[in-house]
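J.: Take a look at this one; I'll ask things after.
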């Protein structure tokens, strides 16, 4: 699904101004591949890994929030047009108000227009005029509960939760498993199927399922690519990239 995007450190420059840079948990193998597959080839994609952190999953997710400003600073030489925080779970832990502060921290660091995964989902749902979601979660129960609370507090109706089995962790889930899970769902009309989690591979599954479910299927990666493209002012390329095809059919 496309070439591996460039990885940035503080000494590496980029084309600047019209690309997308993603702040990514260090073990996440999914974001880079999916952004490159979704966005037009002309959009430069850069990856800035967040630091390796000790502790529990909760401690690491909160630690990524604390490291946001310093990691965003490594992107300044590349001058991206959009800097995307690719970790939905970190937003779930701090709620909608905390997510707004994460967005502000990205922009205050000076590396392009900010975007969090959670904000990208909410903006895309608003554009589609949808407020009812069926959440597909690869998370442990406690984080799934926080996700449901987050979307509810943001004004959405959570119609249900489908768990994506991840006995070996989110990064071990395969596109085929996600496709099978999606095809087993029976969402109510008016619902959006929301695949939560940037580490779960979703793009192949969303593209394969298409409109079979009769409702939109949205993921963190799809929403982030869609909203990043609009922040770059490239909505005119609606016929030339995968993300506009996946979202545009439901507009």
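J.: Listing 240, 221 from the residue with the fewest other Cβ atoms within 10 Å to the one with the most, what is the order?
T.: Values: 240 12, 221 30.
Least crowded to most crowded, the residues run 240, 221.
J.: Is the C-alpha gyration tensor of segment 121-220 telling us rounded, prolate or oblate? Criteria: a/c under 1.5 is rounded; beyond that, a/b larger than b/c is prolate, otherwise oblate. Intermediate results must be reported in sequence, preceding the final value.
T.: Working: a/c = 1.75, a/b = 1.15, b/c = 1.52.
Oblate shape, in that a/c is at least 1.5 and b/c is the bigger or equal ratio.
J.: Using the number of other C-beta atoms within 10 angstrom as an exposure proxy, rank 99, 18 with the fewest first.
T.: With the sparsest Cβ surroundings first, the list reads 18, 99.
J.: With runs of 4+ DSSP H residues as the only contributors, calculate the mean residue ellipticity of the chain at 222 nm using -39,500 (n - 2.57) per run, divided by the residue total and rounded to the nearest 500. Walk me through the intermediate numbers first.
T.: Values: 10 runs with 105 residues, N = 251.
So the calculated ellipticity at 222 nm is -12500 deg cm²/dmol.
J.: Peptides 37-45, 173-181: what's the order by average Cβ count within 10 Å, highest mean first?
T.: Working: 37-45: 20.2, 173-181: 17.2.
Ranking the peptides 37-45, 173-181 by packing returns 37-45, 173-181.
J.: Now for a different question. I'd like to compare 103-109, 227-233: which one has the highest average count of other Cβ atoms within 10 Å, and what's the full order after that?
T.: Peptide ranking by packing, descending: 227-233, 103-109.
J.: For residue 41 and residue 180, what does the FRET efficiency come to when R0 = 41 Å and r is the distance between their Cβ atoms, rounded to the nearest 0.05?
T.: Working: r = 30 Å, r/R0 = 0.74.
Once rounded, the FRET efficiency stands at 0.85.
J.: May I pose another question? Quote the relative contact order of the chain in percent (integer), defining contacts as alpha-carbon pairs under 8 Å separated by 6+ residues.
T.: 21
J.: Turning to a different aspect of this structure: Out of all DSSP beta bridges in segment 121-220, what portion is antiparallel? Express it as a percent rounded to 5.
T.: 0
J.: Here's something else I'd like to know. Using all C-alpha to C-alpha distances in the chain, build P(r) with 5 Å bins and read off the rounded percent in each one.
T.: Values per bin, smallest distances first: 1, 7, 15, 20, 21, 18, 12, 5, 1, 0, 0.
J.: Starting with the fewest neighbours, write out 87, 241 ranked by other beta-carbon atoms found within 10 Å of each beta-carbon.
T.: Numbers: 87 29, 241 21.
Going from sparsest to densest Cβ surroundings: 241, 87.
Here, each number is a calculation from the coordinates, and none is a lab measurement. The structure presented is a predicted model; accordingly, all values stated were derived computationally and were not measured. Positions of Cβ are generated from backbone atoms using ideal geometry, with glycine treated the same way; all protein chains shown enter the neighbour counts.
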